[in-house]
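Values in this text are rule-based calculations from the coordinates and carry no lab data. Computed from a prediction, not measured in an experiment: that's the story for all the values here. Every residue, glycine among them, receives a Cβ derived from its backbone with ideal geometry; neighbour counts consider all protein chains shown.
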Amino acid sequence: DTAVAAPAAHKNPTVVAHRGASAYAPENTLAAIDKAAHMGFRWVENDVQRTKDGVLVIVHDDTLKRTTNVEKVFPGRAPWKVKDFTAAEIAKLDAGSWFGPRYKGARVPTLTQYMKRVSRNHQSLILEIKKPELYPGIERDTLRVLRKTGWLDRHHVKNKLVVQSFSADSVKKVHAQRPDIKTGFLGTPSTAQLPAYAKFADQINSTHTSISAGYVSAIHRLKGPHGKRLEIFTWTVDETAAARRAEGFGVNGIISNKPDVVRRAISD
Ligand code: G3P
Ligand code: CA
């Protein structure tokens, strides 16, 4: 049985800088995680997808349009899908100017570059496998890069990494391939469905508008695949009132584009 006694509401939720400190620097760039580090945030969240030639890159949308100058550099290549560009082509793109002139020249990082920077910054990471249905085998590819960059085999990194996805299938694959890794499912399964998710996910990470105190305690009553209480990191919370509401529910973590706003809200 995975059910455990109801705990007291979790205190001091972990504040996670969403896509890096993405209200203040271009999302999913090294500049955005550096910004989070400078602001004092240890935890960051980012998204991983795959290029045409099989390189994993950090980017949120499945096209390069919104966050790079791809239309200008490759005008004939609509609809500019990540999966239709090679890593060398993506490396030419400016992923900073759209956000502001001081970020001109920021790049779309590869997962390898990105993991090295997370290590250098002494940060911790929720890595989201984005749209895995577009990238068969991306779970294995991701685990390979994590292993090569020292993120799997060193014991001390185990509590510094969560791999999450909106796709239960993808989370199940990660859990099956590396049962030692902490995983998260993005969504809000019904309380009746939660025990099934608790078999392969350590976290249920729901949008903040979909949760309640009752839902959070239903999560906390279950044990995840590693025998610890199931956790919930809620997203994307950028306002004081919403941060206080989530904190009141006892969530374990709050994922925010404006982590400073959340930190201020919950420390009062
Ligand atoms: O970590 C939660 C959040 O990142 C999921 O939504 O679209 O921002 O990747 P999205
Ligand atoms: Ca994400």
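A few points about this structure:
- Phi-derived couplings, Karplus 6.51 cos²θ - 1.76 cosθ + 1.60 at θ = phi - 60°, listed residue by residue for region 77-93: 10, 4, x, 6, 6, 3, 6, 9, 10, 7, 4, 5, 5, 5, 5, 7, 7 Hz, with x used for Gly and Pro.
- Here the contact order of the chain, divided by its residue count and restricted to Cα pairs under 8 Å and six or more residues apart, works out to 21 percent.
- Rounded to the nearest 20 debye, the dipole magnitude of the chain is 600 debye, with +1 charges on Lys and Arg beta carbons, -1 on Asp and Glu beta carbons, and the Cα centre as origin.
- For region 110-268, with +1 on Lys and Arg beta carbons and -1 on Asp and Glu, the positive-most of G224, H122, P132 along the dipole: H122
- Close amide H pairs (under 5 Å, H built 1.01 Å from N) link K182 with V163, residues at least 5 positions away or on another chain.
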